Amino acid sequence: MRIFALLMITEEELISETKSQIEKKLGWGDSQDWTNQDFLALSKKIQDELQIAVSHVTLKRIWGKVKYTSLPNTFTLNTLVQFIGYENWRDFKVKNGGVAVVGGVDSPTPDKVARPKGKKPMRPLVTLAIGLALGYFIWFGMGSKKEIDANDYSFHVKKTVEKGVPNSVIFDYDATKAPVDSVILQQSWDVKRRTKVSKDAHQRTLIYYLPGYFEAKLVVDEKIVKEQGILIPSDGWLAAIDASPMPVYFKKEDVMVHGQMALSVEKLKGQNIHLAPQPPLVGYLNVQDFGAIYSDDFVFEASLKNDYKEGAAICQKTNIYLLCEGMAVGIPLCTKGCVSDMSLFFTGFDAPGKQVDLSAFGVDFDDFVRVRIESTQGKAKIFLHDTLAYKIDRDIVRSKIIGIGFVFQGTGSVDYVKLENGKVKFEDGF
């Protein structure tokens, strides 16, 4: 899981990604050109595959063809992501970097449909003919399409370097029975990290630039047929800035200074990292097998400070992450006026700042902020400076902790960190 991305994924972006994956599965071209008949056909396609009804009007709302400001309800979102191979909306969020709860309800049908400017409406007979032809294609074409059986495929990944990044990973696969000419190797939840390969080839090597736990996937005709988890350890603390085409790494001696982990503005500028107009996201990551320590039974402590508040970094957005196998705990910190833009999440529990009062996580970074997390029996408490800031009474999912991360808008410092559960203990004072 790429923790830099977790700061930026929003509800709207997740829904947009859902639509994008559906459009790719359908192969019907630009959705801006879809007509009412296309949405009728999509509604029927969903009904045929899932035996669940989603009206074409609801689909038009989601695709912006009908003006509607609320978000789709969870039932609708569950159905849409099941159509593209996910278990439910929560599964989609976890595998696509989402951290926020999506709410909203459907409303009565608006009576006007948006139509791109400059396009004349089709004549009724032409529209009917196209609709009948499309329905015929869907009804008979889908019926003759070969069923994809996951047992027909094999998939295995292995690291070339035991720990540390960059790390090239070898993908061995057998997809010769695929009903299409090419298949997809996906490195993680991030659909942008997909590589198209021939179904008749059997091996490909791809690079992982950041440490973490990744669910690699073999995708055939938009169906995930095989998955394998892979842990990319960091070889101790790694300081990096997320950038394209690859991160900017810093030497440990540049970061471990006077008993703290810190990356100065001067060090950033020395690597030609510009802090304006948009400040970078500086991350400190430690990914490893800590042993038997899980998200529903641990105590975590840290002391940290955001060191930059110029220009667009005025909010001093900061996140603490405990990376788990396929999930994460995320604790936000920022200046008091910016809490609406932050989100808290805890392996299955989500609290977006736009819907939940996270004002306790608005802090003064003139000094270090002490954070303590206590998790036990599916519940958790989060303390700032020994004062209870937030309590979670439900929905914590058990998942093995495999990493600790701090991400700062601009840059920041960490004074100490500790993770333990009575049997396992990790502590670092730098």
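The values are calculated or read from the model by the stated rules, or taken from the named source; none is laboratory data. If you're wondering where the values come from, they're calculated on a predicted model, not measured in any experiment. Note that each Cβ is placed from the backbone with ideal geometry, even for glycine, and that neighbours are counted across all protein chains shown. Each accessible area value is taken on the protein alone, full model and side chains, heavy atoms only, with ligands, DNA and RNA left out. Shrake-Rupley method; radii C 1.70, N 1.55, O 1.52, S 1.80 Å.
May I ask for the angle, rounded to the nearest 10°, between helix 74-83 and the longest principal axis of the chain, with both axes built from Cα atoms and the value confined to 0 to 90°?
70
Projecting each Cα onto the charge dipole of region 272-417 (Lys/Arg +1, Asp/Glu -1 at the beta carbon, about the Cα centre), which of PHE406, SER340, ALA302 comes out farthest on the positive side?
SER340
At 7 Å along Cα-to-Cβ for each site, give me the label-to-label distance between SER20 and ASP395 in nm.
The modelled label-to-label distance comes out at 2.5 nm.
Report the Cα-based extents of region 215-262 along its three principal axes, largest first, to the nearest Å.
53, 22, 11
Mind ranking 222-234, 342-354 by how tightly packed they are, going by the mean number of other C-beta atoms within 10 angstrom, highest first?
342-354, 222-234
If you build the Cα gyration tensor of region 266-325 and take the root of 5 times each eigenvalue, what three semi-axes come out, in whole angstrom, biggest first?
Equivalent ellipsoid semi-axes, largest first: 30, 14, 10 Å.
Give me the dipole magnitude in Debye, nearest 20, for the chain about the Cα centre, with unit charges on the beta carbon: positive for Lys and Arg, negative for Asp and Glu.
Rounded to the nearest 20 debye, it is 1380 debye.
What angle, in degrees between 0 and 90 and rounded to the nearest 10, separates the Cα long axis of helix 124-136 from the longest principal axis of the Cα atoms of the chain?
Taking the Cα atoms of the chain, the angle to 124-136 is about 70 degrees.
What is the distance in Å between the Cα centroid of region 342-393 and that of region 266-329?
Cα centroid of region 342-393 versus Cα centroid of region 266-329: 15 Å apart.
Search the structure for amide H atoms under 5 Å from the amide H of ALA243, placed 1.01 Å from N in the peptide plane, and list their residues when 5 or more places away or on another chain.
VAL248
I want to make sure I understand the PRE zone here: with the label point 7 angstrom from the Cα of ALA292 toward its beta carbon, which residues in region 381-421 have backbone N atoms less than 18 Å away?
Only 398-402, 420-421 pass the distance filter.
In degrees, nearest 10, range 0 to 90: what is the angle between the Cα axis of helix 36-50 and the longest Cα principal axis of the chain?
It works out to around 70 degrees.
Carbon and sulfur: what percent of the chain's accessible surface (1.4 Å probe)?
Values: 10410 of 20490 Å².
For the chain, the apolar C and S fraction of the accessible surface comes to 51 percent.
Please give the contour-minus-distance gain from HIS258 to GLU49: 0.36 nm per residue of separation, less the Cα-Cα distance, rounded to one decimal in nm.
69.2 nm
Normalised by the number of residues in region 273-430, what is the relative contact order in percent for Cα pairs under 8 Å and 6+ residues apart?
For region 273-430, the relative contact order is 37 percent.
For LEU344, what residues show an amide H to amide H distance below 5 Å, using hydrogens built from the backbone and excluding near sequence neighbours?
Distant-sequence amide H within range of LEU344: ALA351, GLY353.
Mind checking which of TRP237, LEU263, PRO247 is farthest towards the positive end of region 192-270's charge dipole, using Cβ charges of +1 (Lys, Arg) and -1 (Asp, Glu) about the Cα centre?
Farthest along the dipole direction, towards plus: PRO247.
Kirkwood Rh over Cα pairs of the chain into Stokes-Einstein at 4 °C, 1.567 mPa s: D in µm²/s?
Approximately 55 µm²/s, per Stokes-Einstein.
Quick one: Karplus J couplings for region 226-231, per residue in order, coefficients 6.51, -1.76, 1.60, θ = phi - 60°, nearest Hz, x for Gly and Pro?
After applying 6.51 cos²θ - 1.76 cosθ + 1.60, I find 8, 9, 8, x, 9, 9 Hz.
Assign unit charges at the C-beta atoms only (+1 for Lys and Arg, -1 for Asp and Glu), then state the dipole size of region 156-246 relative to its Cα centre in Debye, rounded to the nearest 20.
Values: 13 positive and 12 negative charges, 18 e Å.
That gives region 156-246 a dipole magnitude of about 80 debye.
Only Lys, Arg, Asp and Glu count, each charged at its Cβ (+1, +1, -1, -1), so figure out the dipole size of region 12-90 about its Cα centre, rounded to 20 debye.
So the dipole magnitude of region 12-90 works out to roughly 220 debye.
Could you rank the peptides 326-335, 188-197 by their average count of other C-beta atoms within 10 Å per residue, with the highest value first?
So the order, starting with the most tightly packed, is 326-335, 188-197.
Rounded to the nearest 500 deg cm²/dmol, what is the calculated helix-only ellipticity per residue at 222 nm for the chain, with -39500 (n - 2.57) per DSSP H run of length n ≥ 4?
-5500 deg cm²/dmol
Give me the percent of DSSP beta bridges within region 306-347 that run antiparallel, rounded to the nearest 5. Kindly include the intermediate steps, with their values, before the conclusion.
Details: 8 of 8 bridges.
Once the DSSP bridges in region 306-347 are tallied, antiparallel ones form about 100 percent.
Kindly rank 260-270, 46-56 from highest to lowest mean number of other beta carbons found within 10 Å of each residue.
Packing order, densest peptide first, comes out as 260-270, 46-56.
Projecting each Cα onto the charge dipole of the chain (Lys/Arg +1, Asp/Glu -1 at the beta carbon, about the Cα centre), which of THR195, PHE83, ALA328 comes out farthest on the positive side?
Among THR195, PHE83, ALA328, the one farthest towards the positive end of the dipole of the chain is PHE83.
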